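**Student:** The structure that follows is given in the form of structure tokens.
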Amino acid sequence: MPDLFLSYAHVDKHWVDTFAALLEQRVNQYVGRAKPDRLWKDNRFSGNTAISPEIDAQLAQAHCLVSFISPGYLASEWCIYELATFSTRVGANSGRIFCVELDHIPPEHKPAAVAPILGYRFWWQDTQSKRTYPLTASQPDFENRLIDLAKDITVMLQKESPAPTIANAPPSSTSLDKGRPGGVSSPTRRNLLQTKLERLQAQYDLETRVEEQMRMEKLIADIQATLQHL
């Protein structure tokens, strides 16, 4: 059973191949062990092959989906099918869909399943030409954002597969907190939301486009409101 299903457009395959190896290495590092089926991606050689039974089987078993959002992704019926299938299975608000943005795609142009999701920005814009390009592994922002993504994925995987408890072990601070007034009932979710909030606030400080600032302000407010109720 794969932990991660990588959903990407054929035109982005070269970039995704490089990224996948780095992501797998980081997740293994944070989880603390390697796993043969850590991630699964369809190594198709053409973009017009029909959906295979293997893809459906992997989508039905994967813990999380990583979507590589790009113009090619939006134009691919295959990618939209993978996203819709997984989203229907786990729920749009499950936190198990991660969006890697390879280009600037306005929220209104994204598939409904990922439009409200805070993505991981792996693109940059030339200040003179205003053209956008995918980040390369040699750029400093690439490593920082890869770390953010790998840590968020690790939190979700550990939530899906919690560590086994030890017999007669003393109760953890987490279990004690649940019985206290104001205690945190969902520490894993709180940690994930707090990480997203910090990353979003850092991105907001660097953002210059008004429409993106407004979108980020709403996301920040939503996350802060959720944290107050945990």
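**Student:** For residues in segment 48-104 being of a type in the set (S, T, N, Q) and more than 23 Å from Leu219 (Cβ to Cβ), which is modelled with the lowest pLDDT? Walk me through it before giving the result.
**Tutor:** Initial filter on segment 48-104 (of a type in the set (S, T, N, Q)): 48-49, 52, 58, 61, 67, 70, 76, 85, 87-88, 93-94.
Next, only the ones that are more than 23 Å from Leu219 (Cβ to Cβ) stay: 48-49, 52, 58, 61, 76, 85, 88.
Numbers: Asn48: 53, Thr49: 56, Ser52: 70, Gln58: 91, Gln61: 92, Ser76: 92, Thr85: 94, Thr88: 93.
So, considering only residues that are of a type in the set (S, T, N, Q) and more than 23 Å from Leu219 (Cβ to Cβ), the one modelled with the lowest pLDDT is Asn48.
**Student:** Then there's this: Can you tell me which residue among Leu83, Leu59 is in a helix (DSSP H, G or I), free of Cβ contacts under 8 Å to residues at least 60 places away in the same chain and surrounded by 20 or more Cβ atoms within 10 Å (Cβ to Cβ)?
**Tutor:** Numbers: Leu83 fails: free of Cβ contacts under 8 Å to residues at least 60 places away in the same chain.
Every option except Leu59 fails the conditions.
**Student:** Please verify whether Trp40 is modelled with pLDDT under 95 and surrounded by 13 or more Cβ atoms within 10 Å (Cβ to Cβ), treating the condition exactly as stated. Write out each step before concluding.
**Tutor:** Details: modelled with pLDDT under 95: yes; surrounded by 13 or more Cβ atoms within 10 Å (Cβ to Cβ): yes.
The answer is yes for Trp40.
**Student:** Still on this structure, I have one more. Name the residues in segment 62-77 that are crowded, with 21+ Cβ neighbours inside 10 Å and more than 15 Å from Leu23 (Cβ to Cβ), would you? Step through it out loud before you land on a result.
**Tutor:** Step one: filter segment 62-77 for residues crowded, with 21+ Cβ neighbours inside 10 Å, giving 62, 64-70, 73.
The answer is Ile69, Ser70, Tyr73.
**Student:** Can you name every residue in segment 106-116 that is assigned to a loop (DSSP other than H, G, I, E, B) and more than 16 Å from the chain's Cα centre (by Cα)? Spell out how you get there, then give the answer.
**Tutor:** Pass one, segment 106-116, residues assigned to a loop (DSSP other than H, G, I, E, B): 106, 110-116.
Within segment 106-116, Pro106 is the sole residue that qualifies.
**Student:** If the Cβ limit is 9 Å and pairs must be 6+ apart or interchain, which residue in segment 206-229 that is part of a helix (DSSP H, G or I) pairs with which residue that is modelled with pLDDT under 70?
**Tutor:** Taking only residues 6 or more apart or on different chains, the pairs are Gln213/Glu207; Met216/Glu207; Thr226/Arg189.
**Student:** What are the residue pairs meeting all of these: first residue in segment 86-97, first residue in a loop (DSSP other than H, G, I, E, B), second residue of a type in the set (Lys, Arg), Cβ atoms under 8 Å, and 6 or more apart or on different chains?
**Tutor:** Hits for this filter: Gly95/Arg189.
**Student:** While we're on this one: Across segment 17-46, what is the total count of residues that are more than 16 Å from the chain's Cα centre (by Cα) and in a loop (DSSP other than H, G, I, E, B)?
**Tutor:** Summing the residues that are more than 16 Å from the chain's Cα centre (by Cα) and in a loop (DSSP other than H, G, I, E, B) in segment 17-46 gives 11.
The values are calculated or read from the model by the stated rules, or taken from the named source; none is laboratory data. Worth saying up front: this structure is predicted, and the values here are computed from it rather than measured. Glycine gets a Cβ as well: all are built from the backbone with ideal geometry, and neighbour counts include every protein chain shown.
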